[in-house]
Structures are given as C-alpha cells and as structure tokens.
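Everything on this sheet refers to the single structure shown next.
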Amino acid sequence: MDYSVCNWASNLCAVDKMVSAVAARFLLSLVMVNLIPTTPLVEERPLQAADGGVRVAQGKTRKRVFPVPHTQKPNPVSEAYGYCNSPSHTEQAWEGHTPADYKLLSVQVMIRHGDRYPLYSIPKTKRPAINCTLSVSRNPSHPLLRSFISHMGKGSVGRWESPLASVPRLPNHNNCEMGELTQTGVVQHLRNGKLLRQAYHPHSLLPSDWSPQQVWVETTGKSRTLQSALAFLYGFLPEFNWKTLTVRHQGSTLFCSSACDCPARNRYLEEEQKRQYRLRVADTELERTYADMARTLSIPTRNLRAANPIDSLLCHLCHGLSFPCVSKTDGSKGECLTMAQFAVIRRQQLDDEMDRRRAGLYRKYAILAMYPYLNRTAAKMERVAKAAAGNRPPRAGGEEVFTLSSAHDVTVAPLLSALGLEEARFPPFAARLVFELWKSPSEIRGPPKQKAGKDERPKARDGGCFIRVLYNGEDVTYHTTFCSSFGRRSSHPLCPLKKFLSFVRRDMFNLVNATSYKEACYSHTG
C-alpha cells in the first residue's frame with residue numbers, strides 16, 4: 001500500500017498478511033497519523049550544481065539537532081506540504097560527511113516510495129486528472145529521466161525474484177491507476193539516488209565492476225515500490241549492469257522475512273487502534289467536518305470515511321489541483337470540498353501524533369515490528385566490520401556494501417519509532433533513512449594524546465567501527481535511543497558500532513520488559 005495512507009488510512013485491502021486483521025483495523029485508524037515536517041537546519045551552504053542537482057558545501061562536520069519545538073501549534077496546511085516532498089525544493093545531503101581519514105565501509109538505505117496516485121476515490125467527484133506515463137517534456141523532469149526510461153527497457157535480462165518479474169518497471173497509464181507511481185515519484189527518487197551518488201563518490205564505496213554480492217536491492221511487490229527502487233538505483237548507479245543485479249522480493253511490509261510471527265506485536269497494534277478511536281470520536285470539530293463533507297457529497301458519513309477522503313485531498317494538494325467538487329447529472333459543477341475541511345482533518349492528525357507519543361503503545365509495536373529488519377541490518381554491518389578488521393577471510397565477490405530497501409510509510413514510520421526518533425518528521429513521499437558504517441584510521445585507534453572516556457575508545461572487537469544514522473539528509477545519530485547518552489558526554493563525532501549492536505540484540509527489548517525478540521513476542525506478561 002503506500003500505506004501512505006495506511007498511515008493515513010489507505011489501502012487496507014493490501015495490508016500485509018502477517019499484520020493480520022488487527023493491523024488492518026489499526027492502519028485504517030491511522031487516518032489520524034501526523035505528517036509532521038520540520039524545518040531543516042542550515043549549517044552549510046547548499047550549492048546548486050550545473051546539471052540541476054544539489055550539493056552541499058564541504059566543511060566541518062557537526063552534530064545535527066532537531067529544531068526546538070515551537071510552543072505555537074503548527075499550521076496544518078503548511079505542514080501537509082512537507083509530506084508532498086516536492087522535488088524542486090533545495091535539499092541538504094549530509095550523507096558522506098565525516099572526519100578526515102575515516103573510511104566508509106557500507107551503506108544501507110530504507111526508502112519510502114515516491115509520489116503516487118490516490119488509493120481511493122471520493123464518491124460523486126471526478127478523480128484527479130494526472131498522467132502516469134513518463135515524459136522528459138513534462139514537469140517535474142530530471143536530467144537522467146530520458147536515459148532512465150531507456151535503461152528500464154533492458155531490464156528483462158536482470159534477475160527478479162517472484163513475483164517481481166511480472167511487475168511493470170515504469171508507470172505507464174495516461175490516466176493514473178489507483179496507487180500508481182507518478183512522474184513526480186520517479187523524479188523524487190532519481191534525485192535521491194543522485195544525491196547519494198554525489199555524497200559517496202569521493203569515498204569509492206563501490207568499484208565500477210561491483211559484484212552481485214556487493215549490491216542488495218529488495219522491495220515489496222507493489223509497482224510503486226519496485227519502480228521507486230529502480231529510479232533510486234539508477235540515480236545512484238547510472239547505466240548499471242542488469243546482469244549483475246538481483247532484485248529481491250519482500251512479502252511483508254515490515255521486511256521481517258522469516259521472523260514475522262509475533263502475537264504481542266498485534267496486541268500492541270490493537271491497543272493503539274483503540275487509543276486512536278477514542279481520541280477521534282472525542283473530537284467534535286472533526287466529527288462535524290466529516291458530516292459537512294458528507295452532506296456536500298449527499299452520501300452517508302460512514303461512506304465518506306470508507307472512501308478515505310484525506311488520501312485524495314492530499315493528491316490534489318501535492319499536485320496543485322483544486323479540491324474535488326460534486327459532479328451533477330447535467331455535467332455542471334456542484335459544491336466543492338474546501339481547504340478549511342482539509343485543515344481540520346490535518347489538525348486532528350497532528351493532535352493524534354502528539355497523543356501517540358504520550359501513550360507509548362506505538363513505540364512498543366514498532367520495536368517488535370522492526371526488530372527483524374534492524375537485526376539484519378546489524379548483522380550486515382558486523383560482517384563488514386569483521387572483514388575490514390581482517391578477522392576472517394573475505395567472501396568470494398566481496399561483502400555486501402550497499403543495500404537498498406524500498407518500502408512504504410508503514411515500514412519507515414515504525415522504523416523511526418523503534419530507533420527512538422520520535423521527533424523526526426513523518427515519512428513524506430520519497431523519504432530515506434540511511435545507515436552508514438565507518439572505520440577509523442589506524443592512527444586514531446592508537447594511544448590517544450588525551451585520555452578518552454571508556455565509551456570513546458574503539459575496541460578491537462568492533463574494529464574501530466562507527467555508525468551514523470541520517471533521515472532525509474539530516475544526521476540524527478545522537479537522537480537515537482542507542483546513542484543519545486553517548487552523544488551528550490562524548491567529544492567523538494561518531495557513534496560506536498557496538499552501541500547499535502547492543503541496542504538491537506538486547507537493549508531495545510527493555511521497553512517491553514523482555515530480553516529477546518522471542519520472549520517479547522510470546523510472553524503473556526509483557
């Protein structure tokens with residue numbers, strides 16, 4: 001689904017099998033979930049490249065912080081524009097920035113698919129008129145778009161895990177189908193991939209003749225996630241060799257592979273759904289607004305809710321279209337839905353996000369939902385770190401250096417929460433979460449001139465390796481649960497890998513009164 005509006009109440013019919021009916025009811029209730037965007041802090045001057053790309057001026061690496069929360073409530077409409085994530089806005093890319101002489105060992109990226117057509121239509125209104133074919137002459141465009149279209153035509157020689165071979169590699173309908181990736185969505189990820197290519201090129205992350213073992217690409221079975229992955233990959237590795245690429249399928253939106261069974265996770269989902277329902281029905285302004293919208297459309301209020309109006313309204317907003325109006329039998333235009341009505345729904349979403357953080361149920365769900373993905377991420381980093389330290393012979397074809405996981409907002413949102421990034425902006429279209437693994441130079445791992453704190457000295461067992469976490473170009477490492485305390489007392493610019501490994505394998509279960517994933521999932525006392 002995008003599950004965009006599964007967060008927003010969209011696409012329950014495609015809800016992950018593993019999440020079950022409980023999750024479906026929960027995701028429907030997430031029509032109230034917040035899309036809080038935050039204004040990024042500018043610490044370096046962005047540079048506009050000649051080819052239209054965006055670079056960041058090189059300079060001293062600094063710890064990044066979230067903006068100080070405003071006491072005044074944000075404007076719900078202006079906040080919604082951040083969700084659109086227009087590819088024309090100037091963006092900082094702090095990926096690849098680290099102290100001199102550190103070596104980049106691996107990068108793992110989780111993305112949310114790009115802009116897509118709504119998953120539901122509003123009764124008695126015309127669907128938004130959006131063309132989902134790709135054209136270099138239509139905005140938004142990108143310098144790589146023409147060659148990207150051509151390269152996708154050669155994809156039949158690639159290796160595709162079932163059922164991905166039958167999924168179209170490009171959006172291809174003059175009138176978009178429900179949930180289809182738009183040209184905006186393709187451009188968003190061409191841009192993302194190019195930003196990271198510019199960020200990591202100086203570090204020689206991948207050799208030009210990279211092997212199938214060094215690049216791992218995985219996606220859910222939806223066309224919008226597959227197409228987003230291919231656009232990102234093409235921006236990152238233009239004209240990549242199809243014959244060396246395997247695109248792997250993830251049957252679960254939680255990317256939990258064979259570890260998806262977890263009864264406790266569903267119990268937390270059910271409790272969170274009840275919390276959201278109570279908050280929603282207590283909001284009299286919201287109820288009046290839905291009733292007014294239903295009267296405008298001459299349909300029962302329950303039918304309007306089932307049509308997920310926020311999904312379609314967001315599409316109109318993001319594409320600069322007027323809000324839908326009632327279509328009369330004589331073809332004339334009747335009453336229209338209004339920005340004021342949209343603002344009320346958005347306001348309630350922001351209120352719900354605050355209450356969700358207060359209640360803490362979603363965080364418990366998120367920890368159990370995203371443990372399998374985080375555990376795989378940690379295992380990959382540890383393998384690369386051990387190989388870099390010479391603790392074992394290198395694998396044939398090399399280590400897995402670059403991983404791209406293309407998912408939905410119901411993947412990225414719980415991942416942010418599991419990491420403790422509760423203040424991070426809600427996953428907009430084409431959001432990206434990046435895990436970087438760095439190795440300190442040997443001279444830095446030698447005897448320090450000044451005595452370092454116990455947690456600051458790299459240990460031989462982790463090979464002097466460090467982790468950075470970035471969300472939409474912002475370094476959020478020291479806002480994660482596993483490294484927030486280290487960041488407060490350390491002068492070191494990076495977070496030790498061992499902090500992340502301990503968090504994933506033990507510490508993250510403290511919140512659910514357990515010491516392991518199995519105990520957390522099956523214990524009746526959690």
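The values are calculated or read from the model by the stated rules, or taken from the named source; none is laboratory data. Predicted model only: the values in this text are computed from it and were never measured. Note: ideal-geometry Cβ built from the backbone for every residue, glycine included; neighbour counts use all protein chains shown. Side chains are part of the model used for accessible areas, which takes the heavy atoms of the whole protein and leaves out ligands, DNA and RNA. Shrake-Rupley method; radii C 1.70, N 1.55, O 1.52, S 1.80 Å.
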* To do: Taking all pairs of distinct Cα atoms, average 1/r, flip it, and tell me the Kirkwood hydrodynamic radius of segment 226-303 in Å to one decimal place.
  => 17.7 Å
* To do: Collect residues whose amide H, placed 1.01 Å from N in the peptide plane, falls under 5 Å from the amide H of LEU119; neighbours closer than 5 in sequence don't count.
  => GLY179
* Where the eigenvalues come from the Cα gyration tensor of segment 82-230, what are the semi-axes √(5λ) of the equivalent ellipsoid, largest first, in whole Å? -> 30, 19, 14
* Per-residue HN-Hα couplings for segment 194-206, Karplus 6.51 cos²θ - 1.76 cosθ + 1.60 at θ = phi - 60°, whole Hz, x for Gly and Pro? -> 5, 4, 6, 4, 5, 6, 9, 4, x, 9, 6, 4, 10
* Counting only the heavy atoms of the protein chains, how much of PHE323 is accessible to a 1.4 Å probe, in Å² to the nearest 10? -> 20 Å²
* About its Cα centre, what dipole magnitude does segment 137-207 give when the only charges are +1 on Lys and Arg Cβ and -1 on Asp and Glu Cβ, stated in debye to the nearest 20? -> 320 debye
* Built amide H within the under 5 Å cut-off of TRP216, gap 5+ -> PHE402, THR403, LEU404
* Where does each of CYS325, CYS483 land when they are ordered by accessible area, with a 1.4 Å probe and the largest first? -> CYS325, CYS483
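Write down the accessible area per residue of segment 276-414 in Å², having rolled a 1.4 Å probe over the full set of protein chains. Please list the in-between numbers first.
Numbers: 5470 Å² over 139 residues.
Accessible area per residue, segment 276-414: 39 Å².
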* Quick one: how many Å² of ILE149 are accessible to a 1.4 Å probe, rounded to 10? -> 50 Å²
* Asked: If amide H atoms are built 1.01 Å from N in the plane of the peptide, which residues on other chains or at least 5 residues away come under 5 Å of the amide H of ARG425?
  -> THR38
* Estimated vicinal HN-Hα couplings, Hz - segment 371-380 in sequence order (Karplus 6.51, -1.76, 1.60; Gly, Pro = x) -> 4, x, 5, 5, 5, 5, 4, 5, 5, 5
* When the Cα centres of segment 230-299 and segment 163-187 are compared, how far apart do they sit, in Å? -> 18 Å
* Backbone HN-Hα couplings from phi across segment 136-144 [Karplus 6.51/-1.76/1.60, Hz, Gly and Pro as x] -> 5, 8, 10, 7, x, 10, 7, x, 8
